[in-house]
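Take a look at the structure set out below.
The values are calculated or read from the model by the stated rules, or taken from the named source; none is laboratory data. Nothing here was measured: the structure is a model prediction, and the numbers come from that model. Note that each Cβ is placed from the backbone with ideal geometry, even for glycine, and that neighbours are counted across all protein chains shown. The area values use the complete protein model at the heavy-atom level, side chains included, leaving out ligands, DNA and RNA. Shrake-Rupley method; radii C 1.70, N 1.55, O 1.52, S 1.80 Å.
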Amino acid sequence: MRIATWLAAAGLTLAAPAVAKDPGATLWHGGSILTMDGDEPTMAEAVVEREGKIVFVGLEAEARAVAGKGAKLHNLKGATLLPGFVDAHSHFAIGLQTAGGLDLGDPATGDTASVAKLLAAVKRYGASVQKGGWVVVWRYDDASLAERRHITRAELDSALPDRKVVLMHISVHGLVANSAALEAAGLRDGMKPPAGGVMPSDAAGHLTGLVFEKAMLPIATVLPQPSNAARLETLDHLQMRYAREGFTWAQDGATNPVDLAFLTSPAAQQRLKIDLAILPFAMTGIDAMLENPAMRPGAHFGRVKLQGIKFTLDGSPQARTAFFTRDYALGSPDGQHPWHGQPVTTDNAFQTLARKVHERGWQIFVHANGDAAIDMAIRGFDALGIKAADDRRPIVIHSQFMRPDQIPAYARIGVGPSYFSNHTFYFADTHRRNFPDEVVNFISPFAASRAAGLIASNHSDYPVTPLDTRAQLWSAMSRTSRTGVVSGESQREDAWHALQALTTGPAWQAFEEGRRGRIKPGLLADFVVLDRNPLTTPVAEIRAIRVLETVKEGATIWRAE
């Protein structure tokens, strides 16, 4: 580990002193300051912030001279200071909606680990909703039920026949609906799913209530939407959920037109204390946005940045809708065989729209989980002629089930993989019921990608998994499932590289490496304070690290009680 004092002994410093005696400066000192600047861990004794920017990083004696006598002193008291965490991929706008409904992930909901217990919880909550109203249930996971099967339309009808009920799958790629909800969406028995959708029927031709991927769209259009006033109220709470995890930059990974209008509105801009990247979603229509001169690549609306355009090529591996070159052992979501998933679009449709946005200068973000979907992404980038030297940085979100032979293609194109190490904890046991060990062991191949020169990030996909930055670090380092099975020991990360995937990696992927992700002069003074240093914390204790404070451009926006 290179320490600033060693550099001083060699006649070097991390930054030249700025103007002294600046009463607006803040001096951070008295703890471990991990800058994340460089190819190996680098520590500093002190940091000076002024007007929201970092102006000095180095020895404390020099920092005091730079800060001046009127500076505010911030003694870390042995805690660890890092750059603010950068969210590589989550669904911020969905977080604005989950406040309305029953959250199965909330401990207050109680035990829902069986079909009977889940239905009882839904019925209790539904009693508070007026007859004919909507009962929206979040984080439903069939794999977590004792019966390991989906709830049926008939069971929901029996529990709440006079209300519209939807159970939103934890993957956010599907749902289960009762008869009233299906009727409200115009979905009737005998209907076939659209291309790229899953909507099975039973032997009698009755819809089972399972609705996944593109088949979800009719229900999504009739679900109740919170008012702008309700969204604004939820916005304050939601952004603090990110801040308490140390995030100073969040992402909305698939922004529909309604959410785009809200998040770029003056009212939302005034409320935001963290930065937010948004990705308009190609599947919900982007023509009007592309023709709007204000909606240009990289445009800022206060703290909101139009980052890129989001495409989806397949579904979710835990929901068995991701697109693979091999079959699922358990078959389709309704148990049909053979089944290797399916794409939600065609090569031609994806490449045509991708070319349209690429030629307008937009960064391309592609959701691809299964290896066949990753093949589609690679074919699409090649059709556009993208090469690493072009520095267009297409991002493949999840890249979960990559094959080793796909990594060189990423390197040739310059793809940034946004991995999802939480899968190795939450869903690896489910994946092992479908695929052989060698496939599951290569989930989120951080080490192999780094060896090929790729710059990866790590995300939570919130609300698919909880916002918990220490859990993300731990899952990248441990790769251990709920039942204690390790998925790919050779792909485990050390703390330094796991931290890169939460700081420098996602900053680079968003063309933000010149503004965030490191503690370096000239960059934003975005910090997170942890109660201990991840580099010296045993892997088994990483999840117990506490966030003490989150700082945005020099101002504390969240502090632990």
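Which residues, counting only those in the range 90-101, are on the phi < 0 side of the Ramachandran plot and not in a helix (DSSP H, G or I)?
Filtering the range 90-101 down to residues on the phi < 0 side of the Ramachandran plot leaves 90-100.
If the condition is that a residue be on the phi < 0 side of the Ramachandran plot and not in a helix (DSSP H, G or I), then 90, 91, 98, 99, 100 are the ones that fit.
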Any hit, the range 333-340, residues being buried (at least 20 other Cβ atoms within 10 Å of the Cβ) and either of a type in the set (Ser, Thr, Tyr) or at positive phi (or both): no
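Got a sec? Which of 542, 519 is surrounded by fewer than 23 Cβ atoms within 10 Å (Cβ to Cβ), touching a residue at least 12 places away in the same chain (Cβ under 8 Å) and not charged (D, E, K, R)? Quick ask: steps written out before the conclusion?
Working: 519 fails: surrounded by fewer than 23 Cβ atoms within 10 Å (Cβ to Cβ).
Selected residue: 542, the only one of 542, 519 that is surrounded by fewer than 23 Cβ atoms within 10 Å (Cβ to Cβ), touching a residue at least 12 places away in the same chain (Cβ under 8 Å) and not charged (D, E, K, R).
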Count - residues of the range 102-132 that are of a type in the set (A, V, I, L, M) and either within 18 Å of residue 238 (Cβ to Cβ) or assigned to a helix (DSSP H, G or I) (or both): 9
Scan of the range 321-345 for residues that are charged (D, E, K, R) and modelled with pLDDT under 95, ordered by number: 334
Members of the range 290-330 found to be under 26 Å from residue 516 (Cα atoms), part of a loop (DSSP other than H, G, I, E, B), touching a residue at least 12 places away in the same chain (Cβ under 8 Å) and small (Gly, Ala, Ser), listed by number: 298, 302
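Working only within the range 203-218, note down all residues that are over 24 Å from the mean Cα position of the chain (by Cα) and under 25 Å from residue 317 (Cβ atoms).
Listed by number, the residues that qualify are 207, 208, 209, 210, 218.
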Residues of the range 297-321 satisfying the condition of being within 27 Å of residue 260 (Cα to Cα) and among the hydrophobic types (A, V, I, L, M, F, W, C): 299, 301, 304, 306, 309, 311, 313
Every pair of residues 6+ apart whose Cβ atoms lie under 9 Å, when the first sits in the range 489-508 and is touching a residue at least 24 places away in the same chain (Cβ under 8 Å) while the second is surrounded by fewer than 19 Cβ atoms within 10 Å (Cβ to Cβ) and among the basic types (Lys, Arg): 493/450; 497/450; 500/450; 507/515
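Going through the range 87-146 one residue at a time, which ones are aromatic (Phe, Trp, Tyr) and open to solvent by 10 Å² or more (accessible area, probe 1.4 Å)?
Start the filter on the range 87-146 by keeping residues that are aromatic (Phe, Trp, Tyr), which leaves 92, 125, 134, 138, 140.
Residues satisfying the conditions are 125, 134, 138.
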The one condition in (1) among the aliphatic types (A, V, I, L, M); (2) surrounded by fewer than 21 Cβ atoms within 10 Å (Cβ to Cβ); (3) farther than 30 Å from residue 227 by Cβ that residue 295 fails to fulfil: (3)
Subset of the range 333-353 (residues that are free of Cβ contacts under 8 Å to residues at least 60 places away in the same chain and not in a loop (DSSP other than H, G, I, E, B)): 347, 348, 349, 350, 351, 352
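Quick check on this structure: which one of 340, 367 is closer than 28 Å to residue 411 by Cα and touching a strand residue (DSSP E or B) at 6+ places or on another chain (Cβ under 7 Å)? Explain how you work it out, then say what you get.
Values: 340 fails: touching a strand residue (DSSP E or B) at 6+ places or on another chain (Cβ under 7 Å).
Result: 367 is the single residue among 340, 367 that is closer than 28 Å to residue 411 by Cα and touching a strand residue (DSSP E or B) at 6+ places or on another chain (Cβ under 7 Å).
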Selection count, the range 265-282, where residues are in contact (Cβ under 8 Å) with a residue 60 or more places away in the chain and open to solvent by 20 Å² or more (accessible area, probe 1.4 Å): 1
Any pair with Cβ under 6 angstrom, 6 or more apart, that starts in the range 26-52 at a residue that is under 12 Å from residue 529 (Cβ atoms) and ends at one that is open to solvent by 30 Å² or more (accessible area, probe 1.4 Å) and at pLDDT 95 or above: 28/74; 30/75; 30/77; 31/78
Index of the failed condition, residue 192 passing every other in (1) open to solvent by 20 Å² or more (accessible area, probe 1.4 Å); (2) touching a residue at least 60 places away in the same chain (Cβ under 8 Å); (3) out of contact with any strand residue (DSSP E or B) (no Cβ under 8 Å at 6 or more places or on another chain): (2)
Strands (runs of 3 or more DSSP E) fully within the range 470-561 counting 1 or more residues that are hydroxyl-bearing (Ser, Thr, Tyr) and out of contact with any Lys or Arg (no Cβ under 8 Å at 6 or more places or on another chain): 555-559
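Among what's in the range 163-184 and is out of contact with any Ser or Thr (no Cβ under 6 Å at 6 or more places or on another chain) and part of a loop (DSSP other than H, G, I, E, B), pick the residue that is nearest to residue 145 (Cα to Cα). Give the derivation first.
Here is the first cut: in the range 163-184, the residues out of contact with any Ser or Thr (no Cβ under 6 Å at 6 or more places or on another chain) are 163-170, 172, 174-184.
Subsequent filtering for residues that are part of a loop (DSSP other than H, G, I, E, B) retains 163, 170, 172, 178.
Details: 163: 23, 170: 13, 172: 17, 178: 19 Å.
By that ranking, first place goes to 170.
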Every pair of residues 6+ apart whose Cβ atoms lie under 9 Å, when the first sits in the range 158-186 and is in contact (Cβ under 8 Å) with a residue 60 or more places away in the chain and among the polar types (S, T, N, Q) while the second is open to solvent by less than 30 Å² (accessible area, probe 1.4 Å) and not in a loop (DSSP other than H, G, I, E, B): 171/212
Test for residue 273: is it part of a strand (DSSP E or B) and touching a helix residue (DSSP H, G or I) at 6+ places or on another chain (Cβ under 8 Å): no
Residue check for residue 187: in a loop (DSSP other than H, G, I, E, B), open to solvent by less than 30 Å² (accessible area, probe 1.4 Å) and modelled with pLDDT of 95 or more: yes
Subset tally (residues that are out of contact with any Gly (no Cβ under 8 Å at 6 or more places or on another chain), hydroxyl-bearing (Ser, Thr, Tyr) and outside any loop (DSSP other than H, G, I, E, B)) for the range 205-244: 2
Residues being buried (at least 18 other Cβ atoms within 10 Å of the Cβ), of a type in the set (A, V, I, L, M, F, W, C) and closer than 30 Å to residue 251 by Cα - total across the range 200-222: 6
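Considering each of 501, 495, 525, 510 in turn, give the residue that is over 18 Å from the mean Cα position of the chain (by Cα) and either polar (S, T, N, Q) or crowded, with 24+ Cβ neighbours inside 10 Å (or both). Give the derivation first.
Numbers: 501 fails: over 18 Å from the mean Cα position of the chain (by Cα); 495 fails: either polar (S, T, N, Q) or crowded, with 24+ Cβ neighbours inside 10 Å (or both); 510 fails: over 18 Å from the mean Cα position of the chain (by Cα).
Going through 501, 495, 525, 510 in turn, just one is over 18 Å from the mean Cα position of the chain (by Cα) and either polar (S, T, N, Q) or crowded, with 24+ Cβ neighbours inside 10 Å (or both): 525.
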